[in-house]
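**Q** Shown below is the structure under consideration.
Quick note: the coordinates plus some simple rules give every number you see, no bench work behind them. Note that the structure is a prediction, hence the values are computed from the model and not measured. Because the Cβ atoms are built from the backbone with ideal geometry, glycine has one as well, and the counts that use them run over all protein chains shown.
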Amino acid sequence: MPMKFRKRLASVCFVALSLSLAVQPALAQKKAAAPAAPTASTPPAEKPTPYDDRLARLSEILGSVHYLRTLCGERQSNWRGSMQKLIDSETANEPKRREKLTAAFNRGYRSFASVHTTCTPAARSAEEAYRAEGATLAAEIAARYGN
């Protein structure tokens, strides 16, 4: 298995562990960095991975969990760094994939921001359900595509 692929899956595994432990709140929302100026060489063509749809769903879940945990007062976190590592490892030199994952994260964040304005039992329940789904999804990605 190529080393690049292993590094990507290591990042997914790290997110799975973070979600399953759920010790800290989720990630902070961050805009994608501006793409670097084009170089003289042609960048490699972007190729979707077989798990891109699952990775986009995981990003959406992380955005939702981030919003809900912050809403309910949980402030201490390093999840933002974890998500950034995941995006960086999955989308190196692939701005379209980066945009897709960032958009999915933001969509998840906004979907709950439009519904929940205060921390309620329903918000806490949704956070738990999404966190469990995210942990399962990340574990499935790592198990299926990591070996």
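**Q** Quick one: ARG131, ARG144, ARG124, ARG75, fewest Cβ neighbours within 10 Å first, how do they rank? Please list the in-between numbers first.
**A** Numbers: ARG131 22, ARG144 12, ARG124 15, ARG75 8.
Fewest-to-most Cβ neighbours within 10 Å comes out as ARG75, ARG144, ARG124, ARG131.
**Q** Could you please rank PHE105, PHE112, placing first whichever residue has the fewest other Cβ atoms within 10 Å of its Cβ? Provide the component values of the computation, followed by the final result.
**A** Details: PHE105 27, PHE112 20.
Fewest to most other Cβ atoms nearby, the residues stand as PHE112, PHE105.
**Q** Pulled fully out, how much extra length does the chain show between THR120 and CYS72, if you take 0.36 nm times their separation in residues and subtract their Cα-Cα distance? Show your work: numbers first, answer last.
**A** Numbers: separation 48, 0.36 × 48 = 17.28 nm, distance 0.80 nm.
Gain in length upon complete extension: 16.5 nm.
**Q** What ranking of SER82, SER59, SER89 emerges when the number of other C-beta atoms within 10 Å of each C-beta is taken as an exposure proxy, fewest first? Don't skip to the end; give the middle numbers.
**A** Numbers: SER82 20, SER59 26, SER89 16.
Placing the least packed residue first, the sequence is SER89, SER82, SER59.
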